[in-house]
1. Do you know which of the residues in region 114-169 that are within 25 Å of I63 (Cα to Cα) and hydroxyl-bearing (S, T, Y) is surrounded by the fewest Cβ atoms within 10 Å (Cβ to Cβ)?
2. Exactly one condition in (1) of a type in the set (A, V, I, L, M, F, W, C); (2) modelled with pLDDT under 85; (3) surrounded by 12 or more Cβ atoms within 10 Å (Cβ to Cβ); (4) not in a helix (DSSP H, G or I) is false for A100; which is it?
3. Give the number of residues within region 55-64 that are over 19 Å from S134 (Cα atoms) and buried (at least 17 other Cβ atoms within 10 Å of the Cβ).
4. Does any residue in region 146-158 that is within 13 Å of I123 (Cα to Cα) come within less than 6 Å, Cβ to Cβ, of a residue that is of a type in the set (K, R) six or more places away or on a different chain, and which pairs are these?
5. May I ask you to verify whether R132 is at pLDDT below 80 and among the basic types (K, R)?
6. Pairs, please: C-beta under 6 Å, at least 6 apart or cross-chain, first residue farther than 17 Å from R130 by Cα and in region 65-86, second assigned to a helix (DSSP H, G or I) and small (G, A, S)?
7. Say whether the condition of being in a loop (DSSP other than H, G, I, E, B) and out of contact with any His (no Cβ under 8 Å at 6 or more places or on another chain) is met by at least one residue in region 66-75.
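The values are calculated or read from the model by the stated rules, or taken from the named source; none is laboratory data. Because the structure is predicted, anything quoted here is derived from the model rather than measured. A quick note on method: Cβ atoms are made from the backbone with ideal geometry, for glycine too, and the neighbour counts reach across all protein chains shown.
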Amino acid sequence: MFLFLMAIDTPEDKSKFEKLYGKYKEIMYYAALGVLKDKYQAEDALSQALFKIIDHLDKIGDIDSQKTKGFVITVTEHTAIDCYRKLKRENLAEINEWEAYSQDTQEFETGNEVEDCINSLPINYAVVLRLRYSAGYSDEEIAEILGITKENVRTRAKRGKQKLGQMLQERGIWY
């Protein structure tokens with residue numbers, strides 16, 4: 001914790017980070033663990049995610065809001081997936097990325113059919129849709145968070161909505 005607080009300049013931001021850390025550290029850990037399936041790798045991903053959150057601390061308003069919770073979980077999942085990909089490139093991990101992600105996200109969702117469809121979308125589409133519609137971030141903010149271009153955000157959102165619409169039609173939820 002001390003290392004994270006050293007990276008923060010103002011006392012207000014330090015206080016905000018301490019509250020955020022206290023409230024979401026377990027959820028973040030389990031999000032990373034669900035993707036990586038290794039407690040040590042999950043701890044590493046959690047640390048990386050916390051540094052990313054520190055970089056965007058000014059964008060976080062109310063610690064207890066759904067928007068903040070969604071942001072924190074999404075950043076953690078995205079960071080864990082990045083770690084998984086790095087491990088995969090190094091041939092140190094042999095787990096199914098999609099299976100690991102979908103099992104973990106089901107713990108955090110309420111279980112309705114639309115959310116089930118979102119969970120079954122490819123990760124790139126699901127993350128963008130969650131950040132845009134659940135957490136309320138703009139395309140510019142999403143691009144900055146995920147480290148991609150605004151055009152890429154728009155493309156992923158468009159394709160994700162198309163795939164989501166197809167899934168909902170197949171299930172008879174939407175016509």
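1. Looking at residues that are within 25 Å of I63 (Cα to Cα) and hydroxyl-bearing (S, T, Y), I get S138.
2. Just one mismatch for A100, condition (4).
3. Qualifying residue count for the region: 0.
4. A157/R132
5. Details: at pLDDT below 80: no; among the basic types (K, R): yes.
So R132 does not fit the description; no.
6. As it stands, the answer is C83/A45, since those pairs meet every condition given.
7. Taking region 66-75 as the starting set, the residues that turn out to be in a loop (DSSP other than H, G, I, E, B) are none.
No, the conditions are met nowhere in region 66-75.
Per-residue answers, yes or no, for (1) among the aliphatic types (A, V, I, L, M); (2) at pLDDT 90 or above; (3) in contact with a strand residue (DSSP E or B) (Cβ under 9 Å, 6 or more places away or on another chain):
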residue: K14; (1), (2), (3): no, no, no
residue: E43; (1), (2), (3): no, yes, no
residue: L87; (1), (2), (3): yes, no, no
residue: N91; (1), (2), (3): no, no, no
